[in-house]
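**Student:** This structure is in structure tokens; I'll ask about it shortly.
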Amino acid sequence: MQVVRSRAELRAALASLPRPLGVVPTMGWLHEGHRSLIERSRLDNAAIVVTIFVNPRQFNDPSDFERYPRKEAEDLEICRSQGVDLVFAPDVDAVYPPGFDTTVRVGAIAEPLEGAARPGHFDGVATVVAILFALVGADRAYFGRKDAQQVRVIRRMAADLGLPVEVIDCPTVREPDGLALSSRNARLGPAERAAAPILHRALAGAVGAYAGGERSGDRLRAHMRGVLASEPLADVEYVSCADDATLRELDVVDRPALLSMAVRFGGVRLIDNEPLA
Ligand code: PAF
């Protein structure tokens with residue numbers, strides 16, 4: 001496995017990799033969710049590139065960027081054990097060279113939910129992913145469904161810019177108690193970790209209500225808020241029952257929909273979602 005840090009080294013290393021090529025973009029602190037993306041990429045492709053870059057431009061809160069967990073040596077070990085061919089772990093200057101002055105801004109799909117709660121977040125995501133797609137030139141790129149809006153934003157961006165990469169979303173990987181895997185989970189204290197599966201319980205409750213015939217968006221949102229209210233450590237930022245394609249809130253669930261939420265536990269912000277089909 002090669003580890004490269006500059007654009008020139010990346011270009012040279014890519015020249016010897018067989019096609020088709022899969023890329024798994026990450027911010028490091030790799031966990032089972034990332035492993036599942038790498039495994040899926042291995043099934044589809046002849047070679048795999050993993051990128052590890054904590055992207056400063058997608059953190060609307062600078063302290064969140066500073067506190068984002070990092071463990072590169074262990075991440076590289078995981079990549080090696082997963083049969084990754086090439087890791088691109090650039091410094092900030094290799095991604096954003098001096099004088100860098102371009103922003104990729106995706107429209108309506110980036111506005112609600114995470115876009116409203118974290119101003120500028122999706123500009124940072126779309127910009128870095130466009131750069132990574134251009135530098136790596138992979139045939140397929142893999143992202144987790146836990147970041148459901150991110151997948152939609154990246155798909156829109158890749159289609160609009162005519163980037164020749166297939167964006168593939170993979171299932172959320174969960175702990176046995178239902179907590180969706182996230183690098184942020186590492187920052188939960190013991191009490192917060194014990195409380196955090198409430199997100200999944202709230203989603204599962206609303207999925208159950210939908211299965212029982214509930215079609216009111218307001219009542220499904222209220223159902224999730226009710227479950228979350230039973231957990232004193234859960235500080236709710238939003239709950240949503242939205243059109244699966246546009247992510248606009250629904251009054252009546254009469255089409256494919258997405259339930260989603262963002263909840264803070266102390267300084268740690270978690271998101272999760274479940275589809276309603
Ligand atoms: O999902 C992530 O880890 C990041 O948002 C991504 C896609 C690697 C861009 O920095």
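**Student:** What single numbered condition from (1) at pLDDT 95 or above; (2) out of contact with any Gly (no Cβ under 9 Å at 6 or more places or on another chain); (3) open to solvent by 70 Å² or more (accessible area, probe 1.4 Å) fails to hold for Met1?
**Tutor:** The one condition Met1 does not meet is (2).
**Student:** Residue under question is Val92, and the condition is that it be crowded, with 18+ Cβ neighbours inside 10 Å and among the β-branched types (Val, Ile, Thr); does it hold?
**Tutor:** Working: crowded, with 18+ Cβ neighbours inside 10 Å: no; among the β-branched types (Val, Ile, Thr): yes.
Taking the combined requirement at face value, the residue does not satisfy it.
**Student:** Among the numbered criteria (1) crowded, with 19+ Cβ neighbours inside 10 Å; (2) farther than 25 Å from Asp254 by Cα; (3) small (Gly, Ala, Ser), which one does Ala194 miss?
**Tutor:** Unmet condition: (1).
**Student:** Still on this model: Regarding the range 21-35, can at least one residue be identified that is surrounded by 15 or more Cβ atoms within 10 Å (Cβ to Cβ), in contact with a strand residue (DSSP E or B) (Cβ under 6 Å, 6 or more places away or on another chain), polar (S, T, N, Q) and over 21 Å from Ala180 (Cβ atoms)?
**Tutor:** no
**Student:** Something else: Checking the structure you have, find out if any residue of the range 138-160 is away from the ligand (no atom under 12 Å from the Cβ), surrounded by fewer than 20 Cβ atoms within 10 Å (Cβ to Cβ), under 19 Å from the mean Cα position of the chain (by Cα) and touching a residue at least 60 places away in the same chain (Cβ under 8 Å).
**Tutor:** Yes, that holds for at least one residue.
**Student:** All but one of (1) without any contact (Cβ under 8 Å) to a residue 12 or more places away in the chain; (2) under 23 Å from Gly267 (Cβ atoms); (3) away from the ligand (no atom under 15 Å from the Cβ) hold for Arg67; which doesn't?
**Tutor:** Going through (1) without any contact (Cβ under 8 Å) to a residue 12 or more places away in the chain; (2) under 23 Å from Gly267 (Cβ atoms); (3) away from the ligand (no atom under 15 Å from the Cβ) one by one, Arg67 breaks only (1).
**Student:** Quick check: anything in the range 8-23 in contact with a Ser or Thr (Cβ under 9 Å, 6 or more places away or on another chain) and either within 13 Å of the ligand (Cβ to nearest atom) or assigned to a loop (DSSP other than H, G, I, E, B) (or both)?
**Tutor:** Yes, some residue in the range 8-23 is in contact with a Ser or Thr (Cβ under 9 Å, 6 or more places away or on another chain) and either within 13 Å of the ligand (Cβ to nearest atom) or assigned to a loop (DSSP other than H, G, I, E, B) (or both).
**Student:** If you don't mind, another one. Tell me whether the range 197-212 contains one or more residues that are in contact with a Gly (Cβ under 7 Å, 6 or more places away or on another chain) and within 23 Å of Asp64 (Cα to Cα).
**Tutor:** Yes, there is a match, as at least one residue in the range 197-212 is in contact with a Gly (Cβ under 7 Å, 6 or more places away or on another chain) and within 23 Å of Asp64 (Cα to Cα).
**Student:** Cβ-Cβ distance below 6 Å, separation of 6 or more or different chains: which pairs start in the range 26-38 with a residue that is of a type in the set (A, V, I, L, M) and end on one that is at pLDDT 95 or above?
**Tutor:** Met27/Val54; Leu30/Asp75; Leu30/Ile78; Leu37/Val24; Leu37/Tyr142; Leu37/Cys170; Ile38/Val24; Ile38/Gln82
So that you can scan it fast, the table gives a plain yes or no per residue for (1) open to solvent by less than 20 Å² (accessible area, probe 1.4 Å); (2) within 13 Å of the ligand (Cβ to nearest atom):
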| residue | (1), (2) |
| --- | --- |
| Ile38 | yes, no |
| Leu43 | no, no |
| Val49 | yes, yes |
| Asn55 | yes, yes |
| Glu74 | no, no |
| Ser81 | no, no |
| Asp85 | no, no |
| Phe88 | yes, yes |
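**Student:** Kindly provide the set of residues from the range 185-220 that are assigned to a helix (DSSP H, G or I), more than 30 Å from Met27 (Cβ to Cβ) and either free of Cβ contacts under 8 Å to residues at least 12 places away in the same chain or within 26 Å of the chain's Cα centre (by Cα) (or both), ordered by number.
**Tutor:** The answer is Gly205, Gly208, Tyr210, Ala211, Gly217, Arg219, Leu220.
**Student:** Name the helices (runs of 4 or more DSSP H) wholly inside the range 110-184 in which the number of residues that are modelled with pLDDT of 95 or more and farther than 28 Å from Pro62 by Cβ is 2 or more.
**Tutor:** 148-160
The values are calculated or read from the model by the stated rules, or taken from the named source; none is laboratory data. Being a predicted model, the structure only gives us computed values, none of them experimental. Counting neighbours? That spans all protein chains shown, and the Cβs are built from the backbone with ideal geometry, glycine included. These accessible areas exclude ligands, DNA and RNA; they are computed on the full protein's heavy atoms, side chains included. Shrake-Rupley method; radii C 1.70, N 1.55, O 1.52, S 1.80 Å.
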